[in-house]
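Report on the structure given below.
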Amino acid sequence: MPVLCSGCKEKRAALKRPKTGHSLCKECFFWAFEEEVHRTIVAAKLFKPGETVGIAASGGKDSTVLAHVMKLLNERYSYGLELMLLSVDEGITGYRDDSLETVKRNQQQYELPLKIVSYEELYGWTMDAIVKQVGLKNNCTFCGVFRRQALDRGAIMLKVDKICTGHNADDVAETVLMNVLRGDIARLRRCTAISTVSEGEGVVPRCKPLKYAYEKEIVLYAYFKKLDYFSTECVYSPNAYRGHARTFLKDLESVRPSSIMDVIHSGENLSVRDGVKMPVQGTCNRCGYISSQALCKSCVLLEGLNRGLPKLGIGKHHRLHDKLLSQQPLTEREERKLKSVDF
Amino acid sequence: MCQVEEDYRDGLERVEVPSVSKKCVKCKEASAAVVIRAGDTYCRGCFKEYFIHKFRAMLGKNRIIFPGEKVLLAVSGGPSSCSMLSQVREGLSLNAHKKLRFSPGIIYIDEGGVVGQTVEERRRTVAELQAMFKATGFPFHTVALEQVLDLPSSVVAMAPSPSEQPASNYKEAVGHFLQSTSSSRSTPQDEEQTSLPEVPEAHTHFLQQLIGSAKTLTARQDLLNTLRQHLLVHTARTEGYSKVMLGDNCTRLAVKLLTSITLGRGAQLAQDTGFSDARYGDITLVRPMRDYSAKEIAYYNHMFSVASVFTPSLDTKTTDKASIQRLTESFVTKLQEDFPSTVSTIYRTSEKLQTTCRSSAKAEPSEKCLLCVCALDTAVENASAFQATLTSEQLSQTKYPGAAGTEIPRQNPESSAPSGQCCSSGGAEDCGRAERGGGGCCSSAKEPETTDLKSLLCYSCQLTLKDMSSVEHLPQYILSEAQRRQRRSQMREEISEFLLEDGEGGD
């Protein structure tokens with residue numbers, strides 16, 4: 001006996017929603033999905049009419065769906081936004097160059113301007129070169145820190161007012177779990193925010209319109225809408241710590257599908273005791289980017305790479321920041337510590 | 001890794017492989033008997049000292065237990081709670097250095113009915129434990145979980161908390177106690193032996209039905225925890241205890257923290273895993289064992305012959321993915337193998353949390369969850385996960401407007417809340433209630449339906465309720481308290497425009 005769609009109650013249901021378990025037909029699902037993103041945008045007041053918004057596009061499913069939905073909602077509800085695509089080339093052969101082709105295709109399909117910034121031109125290092133020096137364990141740190149700055153620099157080049165990224169509910173839930181496992185109280189408080197609140201030059205606020213959309217629903221949406229995207233895992237990702245949190249979350253979802261939203265709800269309602277030390281936002285003394293230390297993480301990592309000390313920046317080296325700033329040479333013992341790499 | 005102010009000052013030294021022929025790191029004389037963390041080898045004597053010291057330090061640092069107070073020790077028979085019992089016994093014994101100064105009692109809750117044990121098995125376990133309790137000389141109470149069906153509804157209603165006892169009074173209290181010590185301390189001969197009364201089979205059956213009405217193991221475990229806690233608190237109240245000591249150790253609390261996050265209890269984390277839990281007002285739950293890892297307790301119990309009795313629980317011998325609690329437990333233990341600092345990191349995180357907003361003692365009872373008695377976290381704010389779930393529920397049941405040619409509704413930021421939200425309660429399907437509510441307090445609330453109970457629960461208890469097939473099996477005290485709160489909130493709605501201040505006429 002065919003199951004009827006629980007939305008329109010007329011057509012046959014084509015899929016079961018992972019989020020709520022309801023069976024829906026295609027049109028009702030599209031409607032529900034798009035409407036939810038719309039309500040998230042409106043409730044959180046993410047955009048103002050007349051703004052230029054950069055969509056961080058990697059060619060993967062999240063950013064492809066994000067670009068599609070943003071364009072659609074912009075027209076349907078007259079947000080009055082000017083949309084652009086912004087992409088970052090980390091220099092990972094076999095992964096990023098393929099996904100960039102997808103972004104170029106998106107640009108043509110949606111007729112949006114596109115800007116690609118690469119690590120090579122910004123920092124002088126590609127991820128492949130970095131991994132050769134750093135090894136396979138801590139490379140995600142380098143990639144993440146560099147990408148954040150790359151996005152900001154690209155946004156300034158494009159002159160956009162805001163950036164929106166394709167982070168979905170699974171990503172946010174994973175981040176909450178990972179921060180609990182790492183004991184990172186400061187990030188724990190900030191990671192469930194839907195948009196960043198930093199002021200200062202060189203920083204463009206960024207938001208996550210897909211924050212409450214499940215990853216599986218994004219795939220379902222892309223599948224039924226026949227959106228084209230690039231779907232391989234980054235070749236360096238299997239060794240990341242985040243993988244543990246991800247596996248755990250996937251298992252949780254299989255036991256209870258609402259777990260992902262429950263984790264986000266917990267994360268939003270956490271409150272930290274008074275008197276716990278929190279980092280204060282300042283600026284980097286070398287490049288002027290925002291930072292909570294004397295030198296921003298990017299500068300520290302880059303310094304480490306350029307000097308052949310790959311462990312600089314992994315672990316705590318507050319006292320070394322002053323030395324680096326004043327261009328003093330490091331002692332032999334410190335150098336020896338920073339050189340050791342575990343593969 | 002990413003903690004503020006954490007500085008690895010010393011260089012990375014080669015880790016020495018610990019071996020038993022090494023000397024104890026503390027006294028440096030005796031040969032080592034046990035390795036606690038990598039590199040920390042202790043001899044028997046120093047280990048015992050370390051263990052006992054931790055317990056005293058935990059109690060002394062927090063200064064919550066006042067001298068002469070009656071404290072109820074919740075013993076489940078497992079290694080952690082039996083260790084706690086032996087620590088208390090040691091601490092109170094006359095030859096202890098710096099004696100502990102409170103009067104303990106023991107409680108054991110027999111949950112065999114839920115797990116499916118036979119009457120004979122239950123009696124045997126109880127007898128074994130009672131022999132252990134008699135040896136300590138403290139008064140003990142054995143309570144069957146079936147008694148939860150007879151609880152009064154005052155358990156989930158707020159009882160007034162005693163006046164605040166700030167730390168400065170602690171020293172005075174100690175002074176007073178020391179002066180009047182010899183006469184008031186209860187001597188071991190007046191034990192109250194409540195041997196397990198015969199539990200009528202109908203009660204056991206009813207309890208099993210209640211637990212069985214929850215369809216998932218996660219919900220069952222959650223429900224069981226709630227009922228157990230209610231029974232604990234009620235017994236403490238009736239027998240005149242003001243504090244209850246729970247035997248949760250560090251490992252279990254780390255698992256509990258992660259489980260609470262995945263169940264949506266982020267707002268109540270501090271109470272679930274902190275040292276003291278004051279949600280019940282006059283009874284405070286205390287967790288003195290929270291600094292001990294399961295490994296340390298196991299070593300101690302083995303080396304110093306602390307007896308414990310194994311009692312099966314709902315998730316004994318189940319697969320990894322049977323419930324969220326079970327899954328989290330296996331995740332943490334596996335992760336701990338690869339990253340030995342996992343449990344202690346999670347534990348430190350729990351120390352930095354606090355309860356959201358106002359202190360739980362002062363909140364109105366209607367703003368507390370009916371089941372877990374914590375402050376409600378279901379205030380629907382703009383752009384919150386809770387609102388998103390309500391939106392999804394609603395949209396999944398709405399027709400796609402495009403095909404029929406209906407106008408796509410314009411959404412202004414003001415009216416962004418989903419339309420199912422007209423009443424203050426949190427269910428999208430609740431629209432009908434507002435109209436019904438006008439009929440006066442007596443006639444309207446005939447049978448509490450699932451949707452009505454929802455508004456009285458916090459986020460995670462709502463999830464538990466969702467997994468239950470029907471609420472009629474819930475014990476009477478919960479249902480009658482639910483009805484009472486609903487009547488009260490209806491009264492409030494009727495006269496809301498005439499009330500001058502919030503919080504006037506609180507319960």
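If R0 is taken as 22 Å, the Cβ-Cβ distance between A:GLU75 and A:ASP161 corresponds to a FRET efficiency of 0.70. Farthest towards the positive end of the charge dipole of chain A, among the residues A:ALA193, A:ILE314, A:ASN269, is the Cα of A:ASN269, using unit charges on the Cβ of Lys, Arg, Asp and Glu. Label separation (B:ASN62 vs A:GLU82): 5.9 nm, computed from points 7 Å beyond Cα along the C-beta direction. Candidates A:TYR77, A:GLY282, A:MET178 compared by Cα position along the dipole of chain A: farthest toward the positive end lies A:MET178, with charges placed on Cβ.
The charge dipole of chain A, taken about its Cα centre with unit charges on the Cβ atoms of Lys, Arg (+1), Asp and Glu (-1) only, comes to about 680 debye.
With 0.36 nm allotted per residue and the present C-alpha distance subtracted, the B:SER153-B:SER313 stretch has 55.0 nm of extension available. By the Cβ-Cβ criterion of under 4.7 Å, the unpaired cysteines of chain A are A:CYS8, A:CYS28, A:CYS140, A:CYS143, A:CYS164, A:CYS191, A:CYS207, A:CYS234, A:CYS287, A:CYS299. Overall dimensions of the range B:241-312, expressed as equivalent-ellipsoid semi-axes from the Cα gyration tensor (√(5λ), whole Å, largest first), are 25, 17, 10. Of B:LYS26/B:LYS99; A:LYS45/A:LYS225; A:LYS311/B:LYS26; A:LYS19/B:LYS352; B:LYS321/B:LYS368; A:LYS61/B:LYS256, which pairs sit farther than 29 Å apart, going by alpha carbon to alpha carbon? Those over the limit are A:LYS311/B:LYS26; A:LYS19/B:LYS352; B:LYS321/B:LYS368; A:LYS61/B:LYS256.
In this structure, A:SER292 and B:ALA202 have a Cβ-Cβ separation that, at R0 = 51 Å, corresponds to a calculated FRET efficiency of about 0.20. Computed from the C-beta positions of B:GLU69 and A:ASN306 and an R0 of 56 Å, the FRET efficiency is 0.30 to the nearest 0.05. Sorted largest first, the spans of the alpha carbon positions of the range A:95-165 along the three principal axes are 40, 26, 20 Å. Suppose we look only past 38 Å in the calculated P(r) of chain A. What percent of the Cα-Cα pairs does that tail hold? Summing the P(r) tail past 38 Å for chain A gives 19 percent. This ranking places A:VAL272, B:VAL114 by how few other beta-carbon atoms lie within 10 Å of each, fewest first, which gives A:VAL272, B:VAL114.
Neighbours of B:CYS250, meaning other residues whose beta-carbon lies under 13 angstrom from its beta-carbon, give a summed charge of +4 when Lys and Arg score +1 and Asp and Glu score -1.
Computed extension length for B:ASP282-B:ALA135: 49.9 nm, one decimal, from 0.36 nm per residue of separation with the Cα-Cα distance subtracted. Going by a ≥ b ≥ c, the root eigenvalues of the Cα gyration tensor, does the range A:80-218 fall in the rounded group (a/c under 1.5), the prolate group (a/b larger than b/c) or the oblate group? Judged from the Cα gyration tensor, the range A:80-218 comes out rounded (a/c under 1.5).
For chain A, the longest principal axis of the Cα atoms and the long axis of helix A:259-268 meet at an angle of about 50 degrees.
Laboratory data are not the source of any read-out in this text; all were calculated from the coordinates shown. Everything numeric in this text was worked out from a predicted model, so none of it was measured. Please note: Cβ atoms are built from the backbone with ideal geometry, for glycine as well, and neighbour counts cover all protein chains shown.
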